[in-house]
Amino acid sequence: MQGYLSEERRGAVLRDLRTHEGTCSRDYLAAARNVLRELVAIPDLVQRLPLVRKPGGYARNLLAGNDAVSVWAMVWAEGATTSIHDHHCSCCFGVVSGTVSETWYRAVDAARAVPTEEHDRQAGYVACMLPTGPNIHRMQNRGRGEAISIHIYGFDHEAHSSSIETEYTAVAG
Ligand SMILES: [Fe+2]
């Protein structure tokens, strides 16, 4: 399943992600940002990979993973959108190509959330998000053509099917 990056690069990525203090630690998040900055700086490398696409939606492609972290390339078709969700683990991402719009939400109860902020994340953008606190978002490709992003999650891809903890329904603010 992990065949998209060369073994050497895959090993380097996993080595660079310093997980011994946990995948919410400052060192880990700084390392994840660095890995993402390196990957988004060479968009050709990611664009050339035989990535899976999903018409109208987003497709996840596992690039590297171990028992603490997993690195995915997401291909966003035009109009693709995630649910409104939070995470059970840290979630760092970088935009390789296109634009991914991110909307932030505030929970009003265990199942509903109101939008608070909206940002267009352009190619080159890198950010990290922690699971604790009010970190609820939705990501969408509202642009023309596809977008590609890389996501590094603090979860074992063999133990969890995704990074999503809770999904919410949007309500007006
Ligand atoms: Fe997310």
Ranked output for segments 25-34, 106-115 by mean other Cβ atoms within 10 Å, highest leading, reads 25-34, 106-115
Which value, in debye to the nearest 20, gives the size of the charge dipole of the chain about its Cα centre, when Lys and Arg are +1 and Asp and Glu are -1 at the Cβ? 360 debye
Check the chain for me: any Cys whose beta-carbon has no other cysteine beta-carbon within less than 4.7 Å? Cys24, Cys89, Cys91
Local net charge near His88, Cβ-Cβ under 13 Å (Lys/Arg +1, Asp/Glu -1): -4
Can you give me the orientation-averaged projected area of the convex hull built on the Cα atoms of the chain, in nm²? 9.5 nm²
Sum -39500 (n - 2.57) across every DSSP H segment of at least 4 residues in the chain, then divide by the residue count to get the 222 nm mean residue ellipticity, nearest 500. -5000 deg cm²/dmol
Based on the Cβ-Cβ distance of Ala159 and Lys54, what FRET efficiency does E = 1/(1 + (r/R0)^6) give at R0 = 25 Å, to the nearest 0.05? 0.60
Using the Karplus equation 6.51 cos²θ - 1.76 cosθ + 1.60 (θ = phi - 60°), what ³J(HN,Hα) coupling, rounded to whole Hz, does each residue of segment 160-167 give in order, writing x for Gly and Pro? 10, 7, 7, 8, 7, 8, 10, 10
Give me the tail of P(r) for segment 1-70 as a percent: Cα-Cα pairs with distance above 21 Å. 30 percent
Could you tell me which GluC sites (Glu not before Pro) in segment 1-103 are loop residues by DSSP with no more than 11 other beta carbons within 10 angstrom of their beta carbon? Glu21
Segment 105-173: Rg/Rh from Cα coordinates, Kirkwood Rh? 0.97
Pop out the ³J(HN,Hα) list for segment 46-57 in order, Karplus 6.51 cos²θ - 1.76 cosθ + 1.60 with θ = phi - 60°, rounded to Hz; leave Gly and Pro as x. 6, 5, 7, 5, x, 7, 6, 10, 9, x, x, x
Of all DSSP beta bridges in the chain, antiparallel share, percent nearest 5: 95 percent
Could you work out the relative contact order of segment 1-52, using alpha carbon pairs under 8 angstrom and six or more residues apart, expressed as a whole percent? 34 percent
Counting only C-alpha contacts under 8 Å and six or more residues apart, can you give the relative contact order of segment 2-170 as a whole percent? 28 percent
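We did not get these values from a lab; they are worked out from the coordinates using the rules stated. Computed from a prediction, not measured in an experiment: that's the story for all the values here. Quick reminder, even Gly has a Cβ in these numbers, built from the backbone with ideal geometry, and neighbours come from all protein chains shown.
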